[in-house]
Amino acid sequence: MFAPLEIFVGLRYLRARRRNAFVSFISLISMLGIGVGVAALIVVLSVMNGFEGELRSRLLSLSAHATVSGADGTLADWREIVETARRMPGVTGVAPYIQLDGMLANGPALSGVRVRGVDPRQEMRVSEVTGHMLEGDLGTLEPGRRRIIIGRVLSLLLGVGVGDDVELLIPRGEALADGIQPRLHRFAVSGVFEIGIQEADSVLALVNLQDAAALAGFNDRVTGVRLRFADVFAAPAGVELFAQGLDREVVTSDWTRENATYFRAIRIEKTMMTLILFLIVAVAAFNIVATLVMVVTDKRTDIAILRTVGLAPRRVVGVFMTQGIVIGWLGTAFGLALGIGLALNIETIMPRLEALFGFQVMPSDVYYITRIPSDMQISDVVTIGMVAFILTILATIYPSLRAARTEPAEALRYE
């Protein structure tokens, strides 16, 4: 025997005997329930983090981390702003841009489009479009050549490919007596890209900066300047700091504000999935309560004898809390080990399961993302483990207090 006594007795009660095998079975089920709940939480949150990272990566493939534009929608002294931004610590790329809304037409096929005028050499410093080109190259956007690069979905909607001509309608023109005459220009498709985001692949089109300026009548002005930071999460504070250092009024934006809807949806899904999966842990914790209540009922005589020989009520509490804590600790440890193993290897496990059962979770003809990404974060693992363990500790309080209130004379009356 070893001290303290309550730990020794509590561990003895965990051992299965023929007369309390059912209680031991319930204890095992409780432990497995906690483990499964913890593992499911780790895997689901890791997958949600992976999807969030994948979405952020795809959104930023064609979008800069931050933008600075004029208060009236244009910047006349953009070259000075570009040079100032390049000298700012943490900024890795700066590029001017012009943004227009219009329509692309190919015969009877018509689709709305957001035209972005870019300088090909500077654009590569703020976006990753070159890595997502299916056909053509960003360098084909030479000034005055009237060439355009469009998304894959947009090319399918219009039925065009590289080498085909499209008509670009811009709702800017001379005022006439009966309205506005839109400007109509013919462009040659010189490239097709695919980002994997519906909004980009079906709406966005890239043209040379000088061609966009001619379409908009901007002369030597641009819509704004796009910035890329070494740390993407530093962009919101960085662009505000940069704007405060300018001697003119500008409008700033960053990727968190421009794509707030996407990330808000993911956060809501993560929150709801966490709450739902924590119910598994809660049910397992409730099973611990039921298990310990049955143990207390079964061990009333033992408790009475221990109280008779001088065991204090607080030490009786310790006996049953030891039993519940060990169940919770083992279940949590099992869940953490299982969850971490699955989260770190899910990108390997899922293809094998798909091949084994002959199905695909995310078919390429339906989803842009065909694999299940995983990004396990230590903070999530620690939080899940702590909450699960705390729930199991709380589950031991009521049965332990009930055991401590056992009256020796009453329990031994019919023995």
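The values are calculated or read from the model by the stated rules, or taken from the named source; none is laboratory data. Note that the structure is predicted; figures quoted are calculated from it, not measured. Ideal geometry is used to build each Cβ from the backbone, glycine not excepted, and the neighbour counts take in all protein chains shown.
What the table shows:
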quantity: Where E249 falls short, out of the listed (1) touching a residue at least 40 places away in the same chain (Cβ under 8 Å); (2) over 30 Å from R86 (Cβ atoms); calculated: (2)
quantity: Test: A212 is surrounded by 14 or more Cβ atoms within 10 Å (Cβ to Cβ) and not acidic (D, E); calculated: yes
quantity: Yes/no for T130 being in contact (Cβ under 8 Å) with a residue 24 or more places away in the chain and over 17 Å from D220 (Cβ atoms); calculated: no
quantity: Selected residue [at pLDDT below 85 and of a type outside the set (S, T, N, Q)] from I26, I98, I42, I81; calculated: I26
quantity: Selection within segment 358-415 - aromatic (F, W, Y) and either closer than 22 Å to G339 by Cα or modelled with pLDDT of 85 or more (or both); calculated: F389
quantity: Residues (of a type in the set (K, R) and surrounded by 21 or more Cβ atoms within 10 Å (Cβ to Cβ)) located in segment 305-349; calculated: R307
quantity: Scan of segment 258-288 for residues that are surrounded by 12 or more Cβ atoms within 10 Å (Cβ to Cβ) and under 30 Å from P89 (Cβ atoms), ordered by number; calculated: E258, N259, Y262, F263
quantity: Conditions (1) modelled with pLDDT under 85; (2) buried (at least 21 other Cβ atoms within 10 Å of the Cβ); (3) not in a helix (DSSP H, G or I); number of the one not met by M1; calculated: (2)
quantity: Residues (at negative phi and not in a helix (DSSP H, G or I)) located in segment 145-157; calculated: R145, R147, I148, I149, I150, G151
quantity: Helices (runs of 4 or more DSSP H) enclosed by segment 213-332 - at least 1 residues per element that are within 28 Å of A395 (Cβ to Cβ); calculated: 260-298, 300-308
quantity: Matching residues in segment 99-118 - criterion: being charged (D, E, K, R) and surrounded by fewer than 18 Cβ atoms within 10 Å (Cβ to Cβ); calculated: D101, R114
quantity: In segment 64-73, residue modelled with the lowest pLDDT [restricted to those that are assigned to a loop (DSSP other than H, G, I, E, B) and under 28 Å from the mean Cα position of the chain (by Cα)]; calculated: A64
quantity: Which numbered condition E354 fails, given (1) modelled with pLDDT of 80 or more; (2) part of a helix (DSSP H, G or I); calculated: (1)
quantity: Test result for I195, surrounded by 13 or more Cβ atoms within 10 Å (Cβ to Cβ) and modelled with pLDDT of 85 or more; calculated: no
quantity: Residue match in segment 201-208 (condition: more than 31 Å from the chain's Cα centre (by Cα) and more than 14 Å from S63 (Cβ to Cβ)); calculated: yes
quantity: Top-ranked residue in segment 75-98 [being surrounded by fewer than 17 Cβ atoms within 10 Å (Cβ to Cβ) and either touching a strand residue (DSSP E or B) at 6+ places or on another chain (Cβ under 7 Å) or outside the structural domain of L168 (by TED's automatic domain parsing) (or both); ranked as nearest to S57 (Cα to Cα)]; calculated: T92
quantity: Failed item, numbered, when R87 is tested on (1) over 26 Å from the mean Cα position of the chain (by Cα); (2) touching a residue at least 40 places away in the same chain (Cβ under 8 Å); calculated: (2)
